[in-house]
Amino acid sequence: MTPSLLLGLIGDGISASRTPRMHENEGAAHSIPTIYRTVDIAEPRLAGARLEELLNAAIRLGFDGLNITHPFKQQVIGFLDAVDPVAQRIGSVNTVVIDGQGHTTGHNTDVTGFAAGFRAGLRGAATEAVVQIGAGGAGRAVGFALAELGVAELVIADTDVDRARGLAADIGAVAAVGTRARAIGLDELEAAAASANGIVNATPVGMKAYPGTPVDTAVFGADTWVADVVYFPLETQLLAEARAKGCRTLDGSGMAVNQAIDAFELFSGQKADPARMRETFLSFGA
Ligand code: NAD
């Protein structure tokens, strides 16, 4: 068993992240002294720092693992010794395990995290036809998770239509999952949403800086389920309007908490307690 854990999160503008507290609390509950540092390139002391330099420093200082976030999830792959098949397939790593010899392995717990959150929060939801809005960093993980969850027809819309096309093609290339994925223009979004079983928002629309909803909720039926990855705030306008229509909803905490649960297991070899991790996450306020 690992006697202690030294962990970190590398990214831009991450000083308010809830991930350090989730790991430190969970480590303590398992009697594993855990220190989790943010390595925020927005801080003046890290101005001009390169990812490779930060990664090598963490390895040399004896870190046991790292979470990686915007803008480094793709770039980090080039600096790792090994990458697990899921992360390799989507071309994005958010968790790096560093063993005692300094050997690094990349994983993507955003994919497993969204899938676990979906299974817990939308159990039994119909997945014949799903509309996903947003094909950026979070959207790529969500798209592959929806495919793993057995979505038969996945329609992807993004203001950057090439991004939506790229994600649809990448999902389609994974024959094993059997999902038919295609991109649509924003002008086709409402029609697609009106006939879908479920809608997933993977854009920043709904955050304070991006108010509103990414799709007109008037087209939802009471049996449409609606998931949002935004978690600042947890109660987005999209979810509030959907719930008012009687729809089942899933907020962004499911993905955020479950990515940390899966990462904790990779770092420590121990199962995290989902209720405790969620409680820590929610203790920050919605
Ligand atoms: P991103 O910038 O990488 O991607 C956002 C995508 O949305 C872009 O492709 C953009 O073109 C598209 N977009 C923006 N507005 C749109 C609109 N009105 N209609 C259609 N497409 C639109 O951002 P990201 O890293 O993917 O983050 C997106 C959101 O997900 C943020 O709110 C972030 O906080 C959240 N997020 C949540 C979790 C979680 O664990 N719950 C994890 C990662 C990100």
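Condition first: within 12 Å of the ligand (Cβ to nearest atom) and touching a strand residue (DSSP E or B) at 6+ places or on another chain (Cβ under 7 Å). Can you find one or more residues in the stretch 100-107 that meet it?
Going through the stretch 100-107, the residues within 12 Å of the ligand (Cβ to nearest atom) turn out to be none.
Among the residues of the stretch 100-107, not one is within 12 Å of the ligand (Cβ to nearest atom) and touching a strand residue (DSSP E or B) at 6+ places or on another chain (Cβ under 7 Å), which makes the answer no.
Meeting the requirement of 2 or more residues that are under 15 Å from the mean Cα position of the chain (by Cα) and not assigned by TED's automatic domain parsing to the domain that holds Ile10, the helices (runs of 4 or more DSSP H) wholly within the stretch 57-152 are 109-121, 137-148. For the stretch 201-252, enumerate the residues that are under 22 Å from Thr19 (Cβ atoms) and outside any loop (DSSP other than H, G, I, E, B). Once the filter is applied, which keeps residues that are under 22 Å from Thr19 (Cβ atoms) and outside any loop (DSSP other than H, G, I, E, B), the stretch 201-252 yields Asn201, Met207, Ala227, Asp228, Leu250.
Of all residues in the stretch 242-253, at least one satisfies being in contact with a Ser or Thr (Cβ under 8 Å, 6 or more places away or on another chain) and acidic (Asp, Glu). For the stretch 160-177, check the following and say yes or no: at least one residue is touching a Pro at 6+ places or on another chain (Cβ under 7 Å), outside the structural domain of Pro71 (by TED's automatic domain parsing) and near the ligand (Cβ under 9 Å from one of its atoms). No. When Met277 is tested against (1) more than 15 Å from the ligand (Cβ to nearest atom); (2) within 19 Å of the chain's Cα centre (by Cα), just one condition goes unmet, and that condition is (1).
What tally of residues in the stretch 5-35 results from selecting those that are of a type outside the set (Val, Ile, Thr) and either over 19 Å from the mean Cα position of the chain (by Cα) or part of a helix (DSSP H, G or I) (or both)?
Restricting attention to the stretch 5-35, the residues satisfying the condition of being of a type outside the set (Val, Ile, Thr) are 5-9, 11-13, 15-18, 20-31, 33.
With the extra rule that they be either over 19 Å from the mean Cα position of the chain (by Cα) or part of a helix (DSSP H, G or I) (or both), the set shrinks to 5-6, 20-31, 33.
Summing the residues that are of a type outside the set (Val, Ile, Thr) and either over 19 Å from the mean Cα position of the chain (by Cα) or part of a helix (DSSP H, G or I) (or both) in the stretch 5-35 gives 15.
The values are calculated or read from the model by the stated rules, or taken from the named source; none is laboratory data. Since this is a predicted model, take the numbers as computed values, not measurements. Cβ: placed from backbone, ideal geometry, glycine included. Neighbour counts: every protein chain shown.
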